[in-house]
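All remarks here apply to the structure that follows.
The values are calculated or read from the model by the stated rules, or taken from the named source; none is laboratory data. What you see is a predicted model; the values in this text were computed from it and never measured. All Cβ positions, glycine included, derive from the backbone under ideal geometry; neighbour counts span all protein chains shown. Calculation scope for accessible area: heavy atoms of the full protein, side chains included, ligands and nucleic acids excluded. Shrake-Rupley method; radii C 1.70, N 1.55, O 1.52, S 1.80 Å.
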Amino acid sequence: MANSGSTQVNLSEEVFEYICTMCDKEKKTVEAVKYCVECKDYCCQTCTDMHKKASLLFGHSLLDVGQGSQAGNQPSNLPEFPTERCCVHKGKIIDMYCEEHNSVGCYACIATDHKSCPESKIFSVPDMLDVLFNSSDSQQTETRLKQMMDVMSTLSQSKGTQLEALCEAKEKATEQVAKFQKVIETMVRNAADTSRKDIEEAYKKVEQEILQDKRNIDNTKNVLQETDEKLTKAASNRAQRFVCSKLAQKHIKDAEMEKTQHRTGVITNVQISFHPNHALKDYIQGLHGIGEEQIAGKKRDDLYKLKSSKDINIRVSGDTQPCISFGCCLILDHQLLVTDSGNQKLKRIDTKKMTVVDQCSLGCYIYGICYIHKKEVAVGCESPNKIQFISIENKMMPTRKIDTIHGCYGITMKDDNLYVTDLNASLYVYDMNGTLMRTIINGIAGNKLFTISAYITINNDGDKMFIGDWDKGLVCLDGKGTHTSTITDSDLNGVDGVCNDGRGNLFVVGCYSHKVVQYNEDGKKIGVVVKQENGLDTPRSIAFHPGDKRLFVTMESSDVIKMFDLE
């Protein structure tokens, strides 16, 4: 018989049409009886038996050699048979096709997942390959596959870039922690130095008092000693002894007064003690950290759409005047703080229960409010002019304050400094101790930036500030306080409240136009989010919860604030 190109060996004179591939590698000529589709090898009976027993080779497709011809020990014109194995039913070949779902699977997959499919839609891939396979479809799929691979490669590179940026942001944030730690350590050292100075001053003051007392006592002692000596010398002179006795009585009386003044003849030890500020220690121990981490979300460049709205009534028992809610601020645990200047109260609202759960009377007109940390907020006040700090840890109560020479309206915090507007022509920058660091009035060209400066917001990166101005519009500054632009818009008549969404967008209140308008941080108008038809009437301040996509808007001379759910 023809050898079909098979290799001749010297171990046997026999010539076979199909020889075992494995035996051929060992220089043996043994007739093949099977062909393995997966291994692409011919097998003799012995190798076939071993093939069937090997666990790694279990399930391989073994065909009779008569189904094809051999050329150089490689198959030719053999039936095409799938070699892909099922990831669910290990070892089974994916050789079935369901036209109903346009999916392939092994026999077990088809029997389990496609048992409800018509039998006419189930095919054996090898048996119906000529009908099922379409060369152009395969080419299109291959093209789409390569395109999608390119897309995934681009996305992977993008994620790599994001990881690099995230790593840089983490390092920057860690550096900021270290920088702030040094600031705190410096403040603690300065406070400790002040305590040491106070102790030294107290010591010197008491030391001088003791030294003066000692001098007085020593003088009295010397006088008594001299008097005693004179009495002794006058023993033979009665006239002189009489005079000395009377003088001695006077000195004894003076000494008695000296003794009474110092209570005892022996002065007790004087102690200077130091009493630690345990409230400060407890406060530091209660801190989770020295600041709060913030993760900026992805930028959003589309218009928020209004889903629904609700009214939250902020009037409580004890209110004697109409509610005038000028400012608002979101804090932790779905709580909203609202300044009710009409009743001169700060009110805490549970936004889930939609009710006032706490209130704090301040006895003055209150406007903007700024979140400082988990336990404290700052409120802008007028009559008297001050920045009032409020503890929000348990029941709200006033704590320290910063007196100012101007009214305080809008207020926010950046880099441990307070930025305060006066509803006039200025923006003031204070440190947390109340030192006025800077006053921003004019632009680079010397022009007045503000006419009626209102509320303020700062973007997450801290490099852009936005201040509402009732007359000029939305005034935009960079992180250093340099004027970059002023936005004017017919939809913004009387700009008051402004806040950001943490994703590159601003919500700006037009008080007299009764609208909330959305802009991006570059000043591009995205559109009107809420308008008068949605229930807005003279809106004043605004706050946004990014997680819930919920917008809170206060309104002048209204007992309710608006809660808008967006999408």
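A few points about this structure:
- Residue satisfying condition, being β-branched (Val, Ile, Thr) and under 14 Å from Ile487 (Cβ atoms), within set Ile526, Ile542, Ile561: Ile526
- Of all residues making up the range 91-120, the number that are in contact with a Phe, Trp or Tyr (Cβ under 9 Å, 6 or more places away or on another chain) and either within 18 Å of Gly59 (Cβ to Cβ) or outside any strand (DSSP E or B) (or both): 9
- Any strands (runs of 3 or more DSSP E) falling wholly within the range 418-536 and containing at least 3 residues that are more than 30 Å from Asn190 (Cα to Cα): 453-458, 464-469, 473-478, 483-487, 495-500, 505-510, 515-520, 525-530
- Only listed residue being at negative phi, surrounded by 15 or more Cβ atoms within 10 Å (Cβ to Cβ) and among the basic types (Lys, Arg), chosen from Lys448, Lys480, Lys464: Lys464
- Within the range 325-365, being among the aliphatic types (A, V, I, L, M) and either touching a strand residue (DSSP E or B) at 6+ places or on another chain (Cβ under 7 Å) or open to solvent by less than 30 Å² (accessible area, probe 1.4 Å) (or both) holds for Leu330, Ile331, Leu336, Leu337, Val338, Leu346, Ile349, Met354, Val356, Val357, Leu362.
Matching residues to (1) over 19 Å from Asp137 (Cβ atoms); (2) within 49 Å of the chain's Cα centre (by Cα); (3) surrounded by fewer than 19 Cβ atoms within 10 Å (Cβ to Cβ):
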site	(1), (2), (3)
Glu84	no, yes, yes
Val88	yes, yes, yes
Ile93	yes, no, no
Met96	no, no, no
Val104	no, yes, yes
Tyr107	yes, no, yes
Asp113	yes, yes, yes
Ser116	yes, no, yes
Lys121	no, no, yes
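- Filtered residues of the range 230-248 (kept if surrounded by 11 or more Cβ atoms within 10 Å (Cβ to Cβ) and either touching a strand residue (DSSP E or B) at 6+ places or on another chain (Cβ under 9 Å) or in a helix (DSSP H, G or I) (or both)): Lys230, Leu231, Lys233, Ala234, Gln240, Arg241, Phe242, Val243, Cys244, Ser245, Leu247, Ala248
- Qualifying residue in the range 377-390 (condition: over 25 Å from Asn424 (Cβ atoms) and touching a residue at least 12 places away in the same chain (Cβ under 8 Å)): no
- Cross-chain or 6+ apart pairs with Cβ under 6 Å, the range 209-221 first and closer than 18 Å to His251 by Cβ, then open to solvent by less than 90 Å² (accessible area, probe 1.4 Å) and part of a helix (DSSP H, G or I): Thr220/Ala255; Thr220/Glu258
- Hey, Cys381 outside any strand (DSSP E or B) and surrounded by 20 or more Cβ atoms within 10 Å (Cβ to Cβ) or not: no
- Check on Asn520, open to solvent by less than 50 Å² (accessible area, probe 1.4 Å), at pLDDT below 95, under 24 Å from Arg438 (Cα atoms) and not basic (Lys, Arg): no
- Test: Met1 is over 25 Å from Ala108 (Cβ atoms) and modelled with pLDDT of 80 or more: no
- Residue match in the range 366-389 (condition: at pLDDT below 95, among the hydroxyl-bearing types (Ser, Thr, Tyr) and in contact with a strand residue (DSSP E or B) (Cβ under 7 Å, 6 or more places away or on another chain)): yes
- Test: residue in the range 435-443 that is buried (at least 17 other Cβ atoms within 10 Å of the Cβ) and either of a type in the set (Ser, Thr, Tyr) or under 27 Å from the mean Cα position of the chain (by Cα) (or both): no
- Condition check for Gly497: in contact with a Ser or Thr (Cβ under 7 Å, 6 or more places away or on another chain) and either within 22 Å of Thr421 (Cα to Cα) or of a type in the set (Ser, Thr, Tyr) (or both): yes
- All of (1) at pLDDT 90 or above; (2) within 30 Å of Asn460 (Cα to Cα); (3) open to solvent by 70 Å² or more (accessible area, probe 1.4 Å) hold for Asn190 with one exception: (2).
- Matching residues in the range 48-67 - criterion: being open to solvent by less than 70 Å² (accessible area, probe 1.4 Å) and in contact (Cβ under 8 Å) with a residue 12 or more places away in the chain: Thr48, His51, Leu57, Gly59, His60, Ser61, Leu62, Leu63, Val65
- Some residue of the range 286-306 being over 30 Å from Glu521 (Cα atoms), part of a strand (DSSP E or B) and modelled with pLDDT of 95 or more: no
- Among residues of the range 539-567, those that are outside any strand (DSSP E or B), open to solvent by 30 Å² or more (accessible area, probe 1.4 Å) and closer than 25 Å to Leu423 by Cβ, counted: 3
- Residue among Ala173, Ala165, Ala178 that is under 30 Å from Ile290 (Cβ atoms) and modelled with pLDDT under 85: Ala165
- Pick from the range 397-434, criterion over 29 Å from the mean Cα position of the chain (by Cα) and β-branched (Val, Ile, Thr), ranking: surrounded by the fewest Cβ atoms within 10 Å (Cβ to Cβ): Ile405
- Selection count, the range 116-162, where residues are among the β-branched types (Val, Ile, Thr) and either touching a Ser or Thr at 6+ places or on another chain (Cβ under 6 Å) or at pLDDT 85 or above (or both): 2
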